């Protein structure tokens, strides 16, 4: 067995062997890449959605974490970043949120990290489309409502990005108020090149996914189901999922709402053109385990959907308690090269930054 295949098939949650800090190699054909961060580089904080409940406390905790972190990175939180609005209570006005994003992208910072999800990011899409595109590709990090930004950068600019924890709702930053307990080091290992490839175990949900096969040269696209639903079918912002593994996670939706959302996906090009589908966590109430009946209904809805996709020859898999709004939310690179090995012990192997 060759080494790359052995690496793919070994390990739990698939952490490949750590590598030293590095810069990005040449991008894989058809993929852009961002440079791995080095000690002394800066991470810019953005607030594209909702505000933290106590912004100054969040700022102080974020700065304290980076000050003592062994990665040697700096953090930039600009003055005036969060100025909550009424009545919607967004982090700032739409124009100011977009301005801070553009400012971060054109600053010396090497990465852009969302402070929180929540709501209101979809209204930024027309404003993002008018931004100046930087010459240097920079990774965007975040999840939940940050999906709108992932969709834009992945689709409009062809950039890779990183679905992962936000800085203002993580146990390393605010342990007393954050239900997400995935260590920030998991994401920082990706950003700094200690983990240039990620490897995750998946569960097949239909016969197409359970039959041994390898899908190479894929890209992972997607994120929060509500945001994907809001942009599908649009002229300017719908993802082109041809040749993609579409990833869907969800929160704050009951079984009936999720069922209707998945039905809509199953009728649309978003999933009917996809190479495969992968579900992350589905959480009815953030920070709270699903009641047994709800968990049973979610499982049934996913399997019913998987059976419908079986008729189209589309594999459907589940990333069990790995990505999304549960206590565990591991980093998942989007729009980078990925390899999906189907079968009873399905695995996803994905490039961290688009190189390779």
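The values are calculated or read from the model by the stated rules, or taken from the named source; none is laboratory data. Everything numeric in this text was worked out from a predicted model, so none of it was measured. Every residue, glycine among them, receives a Cβ derived from its backbone with ideal geometry; neighbour counts consider all protein chains shown.
Data table
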read-out: Flag for residue 187 being under 29 Å from residue 307 (Cα atoms), part of a helix (DSSP H, G or I), in contact (Cβ under 8 Å) with a residue 40 or more places away in the chain and under 15 Å from the mean Cα position of the chain (by Cα); value: no
read-out: Checking residue 169 against (1) surrounded by 24 or more Cβ atoms within 10 Å (Cβ to Cβ); (2) touching a strand residue (DSSP E or B) at 6+ places or on another chain (Cβ under 7 Å); (3) over 27 Å from residue 311 (Cβ atoms), the condition it does not meet; value: (2)
read-out: Identity of the residue in the range 215-243, in a strand (DSSP E or B) and out of contact with any helix residue (DSSP H, G or I) (no Cβ under 9 Å at 6 or more places or on another chain), that ends up surrounded by the fewest Cβ atoms within 10 Å (Cβ to Cβ); value: 216
read-out: Residue list for the range 330-339, filter: touching a helix residue (DSSP H, G or I) at 6+ places or on another chain (Cβ under 9 Å) and either at pLDDT below 95 or closer than 18 Å to residue 241 by Cβ (or both); value: 333, 334, 335, 339
read-out: Qualifying residue in the range 190-205 (condition: assigned to a strand (DSSP E or B), under 16 Å from the mean Cα position of the chain (by Cα), touching a residue at least 24 places away in the same chain (Cβ under 8 Å) and crowded, with 24+ Cβ neighbours inside 10 Å); value: yes
read-out: Odd one out for residue 137, checked against (1) buried (at least 20 other Cβ atoms within 10 Å of the Cβ); (2) over 20 Å from the mean Cα position of the chain (by Cα); value: (2)
read-out: Failed criterion for residue 175 (all others in (1) at pLDDT below 95; (2) touching a helix residue (DSSP H, G or I) at 6+ places or on another chain (Cβ under 9 Å) hold); value: (2)
read-out: Out of 163, 106, 150, sole residue that is at pLDDT 95 or above and surrounded by fewer than 21 Cβ atoms within 10 Å (Cβ to Cβ); value: 106
read-out: One residue from 279, 305 being within 30 Å of residue 172 (Cα to Cα) and at pLDDT 95 or above; value: 279
read-out: Criterion violated by residue 16 - all others in (1) modelled with pLDDT of 95 or more; (2) touching a helix residue (DSSP H, G or I) at 6+ places or on another chain (Cβ under 9 Å) satisfied; value: (1)
